[in-house]
2 protein chains.
Amino acid sequence: MRNYKENHADSAYAAAGVNYDSLDAFKRLCQHAASTTKESLSPGFAEPPHIRGESAYLVEHGDSFLAHVEEGLGTKNLVADAVKDFVKRPYYAIGIDTVGAIVNDLVTVGALPVAIAMHAGVGSGAWFDDAARAQDLVDGFAEGCRRSGAVWGGGETPALKDVINPGAVVLAGSAMGIVTPKTRRISGKIKAGDKIVMLASSGIHANGITFCRKIAAEHTDGYRARLSDGTTFGEALMRPTVLYARFIRDLLERGIVPFYAVNVTGHGWRKLMRLDAPVRYRINVTPPVSPLFRFLMDRGGLSEREAYATFNMGGGFAVYVDKGDVADVLRIAESGGYEAWEAGVIEDGDRSIKIAGKDIFYDGSALNIRPEGQ
Amino acid sequence: MRNYKENHADSAYAAAGVNYDSLDAFKRLCQHAASTTKESLSPGFAEPPHIRGESAYLVEHGDSFLAHVEEGLGTKNLVADAVKDFVKRPYYAIGIDTVGAIVNDLVTVGALPVAIAMHAGVGSGAWFDDAARAQDLVDGFAEGCRRSGAVWGGGETPALKDVINPGAVVLAGSAMGIVTPKTRRISGKIKAGDKIVMLASSGIHANGITFCRKIAAEHTDGYRARLSDGTTFGEALMRPTVLYARFIRDLLERGIVPFYAVNVTGHGWRKLMRLDAPVRYRINVTPPVSPLFRFLMDRGGLSEREAYATFNMGGGFAVYVDKGDVADVLRIAESGGYEAWEAGVIEDGDRSIKIAGKDIFYDGSALNIRPEGQ
């Protein structure tokens, strides 16, 4: 859902033809109007402080928070359409990616998903005539729900003639979840000395796709271009999003509530300073730059500074935890099948990110995605 | 959300160029795959029986059901764009309509909405350059949330170049809600002798829009065509959807749990036999056919039988209640500002609808929107 707070005013995106000014103005309108509605909650329900800057919305009720996210896939389905002749079941990945967009946001507040719904809007019902593609999408979405410990409850499949292009699909959806008991809320109470643990991504996930499409359009071989490891660009892009719900569930069940959690999506590693807290995030360990990200940097003419500001660069999710919990967090991640590492530490300082060894520094002005006062 | 169970194979829609065959096949795939995921629910959460044929999804948890709906507006925004020069603030209505599509489904299972999220997908951020239109949309959505007793929690505003037409917007969203205590679930336990109470709509709400667009396209005056009461077709279409959340809340708070509730949307009054129950719904009182519906029937060449099978025809919502509660239900509706009437009665018989005085009869085969076994 992102609570209307994205700001993609980075140069790589502007160059790819995506202009977010009008969008951002609309999001500000939404933020303002939405904040006026909290008085509408019934007795027994309350909006907790500081939730509107977060990746999922919470409502306090009894000894729980109810959680809600609405999210979209973006345009990764256009890549899936373009690579279907040489990548196996790309829409299976798209189904998982759609769940990932929803659930990886939901769990950052400590909520576990309960039910997930799919929104699949088409310009024409004929989009579903490709039965194998439709089956792959459905199978991937169901698998994503299973991996997230959630039920696929329902959804909506509108045919919107004259709104959606006949050959395209708008994939999105929502989740409701729960934080119970309330002490499991991941609320952003971080301090100097806390450690940053990162979890590996599988590749691009579903962010930066407009940029990738531009690279493919400019390359003679398009999505069949070979990366340095011999795989095609298209195959690498279609690796399904890693779902981090199990990791958060396992942490919470073993009594570890991270101080904060970040789904590294748009804005890349700048997202690590999503909180307003006046601290410096010092990253000491970055994963090796994969052939996919190296290809994107080379073809797109991106500096490392731009690349880490745009993509997840191999780090798909981060939690900030007490230094005494790091070993347990790493063990829990690994037992859940995740690759994880101690990436860095939170230090006193102005709000900023320092990636040591790469000479990358983002000051606080590089990420401004919270509504005022949150 | 509709749990993937719509079937719009009626002739008026087919004539308007909407073919739902491929869509229905996809919905069946979704139904099947979704039903395989209920084992993924964590201990303490369970899917209640017979929920997958309903308009909202429920998960049992403690002494409550958590409720979830994902729904879309459809294409009514195209009407709003077409009438903006002579209808005041059409996007304010669109905002309310979008909330209505979500919330009027949610409350049919006895759930009260807690948080609502907006999905507004555009082909280009330039859609939001019309600041007055954007403000109207936001104001309408917020007002819809307020009228529904829910908070606007967040949302998603993707710019989907090459997917959504540059001039269009895909409006949808989701709600999470709650049925608490569980005895407030509206579950479909109906029997002969129960009474049908209907609540007035404000007009078309947001269903049958493709048909209306076709009528406008064929009429010299388009949306400026005059209805018999002197208002324009466009004005009449843009009356915002009535929100029935307050009505359901007021009923539940006064201890009246309807046996069933129906949001009269696609399929018109055929929706009254949404349940599989082997009963006949006998309607004795229909509201006068408004100038808008008369116009649609005349211009579209619809018989009364087709019109009641397609539009809400002035009856936007129905509840089935004990005959001893009818007077209270009517009083509660009126005190909430709704127009309501005792419309009919449930009788023993084959699953069918009889509209007395209009000589309209729909047998069970006229509505088949439930997944198998639900």
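The values are calculated or read from the model by the stated rules, or taken from the named source; none is laboratory data. Source: prediction; values computed, not measured. Cβ atoms come from the backbone with ideal geometry, glycine included; neighbour counts cover every protein chain shown. Ligands, DNA and RNA are excluded from the accessible area calculation, which covers all protein heavy atoms including side chains. Shrake-Rupley method; radii C 1.70, N 1.55, O 1.52, S 1.80 Å.
Just checking the listed ones, B:ILE178, B:ILE164, B:ILE102: in the Gaussian network model of chain B with Cα springs under 10 Å, the one fluctuating most is B:ILE164. By the rule of a C-alpha distance below 20 Å, with chain neighbours fewer than 8 residues away ignored, the lysines paired with A:LYS76 are A:LYS84, A:LYS88, A:LYS214, B:LYS161. Of the residues B:VAL163, B:VAL289, B:VAL279, the one that moves most in a GNM of chain B with alpha-carbon contacts below 10 Å is B:VAL163.
Take the accessible area of A alone and of B alone, subtract that of the pair with a 1.4 Å probe, and the total buried over both chains is about 6600 Å².
Label-point spacing at B:ARG294 relative to the other copies reads 7.6 nm, in ascending order, each point sitting 7 Å out from Cα along Cα→Cβ. Put the Cα centre of segment A:29-103 next to the Cα centre of segment B:146-172 and the gap is 12 Å. Here each label is just a point 7 Å from Cα along the line to Cβ, and for B:ASP359 and B:ASP162 those points are 5.8 nm apart. Residues of segment B:172-205 with an amide N closer than 15 Å to a point placed 7 Å from the Cα of B:LYS323 along the Cα-to-Cβ direction: B:191-197. For chain A, modelled as a Gaussian network with Cα springs under 10 Å, which listed residue fluctuates most, A:ALA126, A:ALA142, A:ALA159? Of A:ALA126, A:ALA142, A:ALA159, the most mobile in the Gaussian network model is A:ALA126. The translational diffusion coefficient of segment A:100-156, from Stokes-Einstein at 4 °C and 1.567 mPa s with a Kirkwood hydrodynamic radius over alpha carbon pairs, comes to 104 µm²/s.
Taking the Cβ of B:LYS182 as the center, what net charge do the other residues with Cβ under 10 Å away carry, scoring Lys and Arg +1 and Asp and Glu -1?
0
Tell me the trypsin sites (Lys or Arg not before Pro) within segment B:241-302 that lie in a loop according to DSSP and have at most 15 other beta-carbon atoms within 10 Å. Here the trypsin sites (Lys or Arg not before Pro) that fit, given the DSSP loop and packing criteria, are B:ARG254. Pairwise Cα separations in the protein assembly as shown fall into 20 Å bins from 0 onward with the following percentages, short to long: 18, 52, 26, 4, 0.
Remark: the protein assembly as shown carries 33 Å² of accessible area per residue (probe radius 1.4 Å; ligands, DNA and RNA excluded). Percent of Cα-Cα pairs more than 19 Å apart in segment A:25-80, please. The share of Cα pairs beyond 19 Å in segment A:25-80 comes to 42 percent. Charge dipole (Cα centre; +1 on Lys/Arg Cβ, -1 on Asp/Glu Cβ; no other charges) of the protein assembly as shown amounts to roughly 360 debye.
Distance between the pseudo-spin-label points of A:ASP63 and A:ASP348 (7 Å out from Cα toward the beta carbon): 3.9 nm. Placing a label point 7 Å from Cα along the Cα-to-Cβ direction at A:GLY364 gives distances to the equivalent points in the other copies of 6.7 nm, listed shortest first. Based on Cα contacts under 8 Å between residues 6+ apart, chain A shows a relative contact order of 21 percent. Segment B:224-238 and segment A:263-337 have Cα centres separated by 57 Å.
Based on DSSP H runs of at least 4 residues, each adding -39500 (n - 2.57), what is the mean residue ellipticity at 222 nm of the protein assembly as shown after dividing by all its residues, to the nearest 500 deg cm²/dmol?
Theoretical 222 nm ellipticity from helices: -8500 deg cm²/dmol.
Between identical copies, the spacing of A:ASP276 label points, each set 7 Å from Cα toward the C-beta atom, reads 5.3 nm from nearest to farthest.
A Förster radius of 25 Å, combined with the Cβ-Cβ distance separating A:HIS219 from A:ASP130, puts the computed FRET efficiency at roughly 0.45. Using the Cβ-Cβ distance between B:LYS88 and A:GLU334 with R0 = 56 Å, the FRET efficiency computed as 1/(1 + (r/R0)^6) comes to roughly 0.40. Using a probe radius of 1.4 angstrom, the carbon and sulfur fraction of the accessible surface of the protein assembly as shown is 47%.
Based on alpha carbons, the Rg and Dmax found for segment B:247-372 are 14.9, 45 Å.
Reported value for segment A:4-366: 142 Å³ per residue, from the convex hull of its C-alpha atoms.
Among the listed pairs A:LYS182/A:LYS271; B:LYS189/B:LYS271; A:LYS189/A:LYS271, a Cα-Cα separation exceeding 18 Å is found for A:LYS182/A:LYS271.
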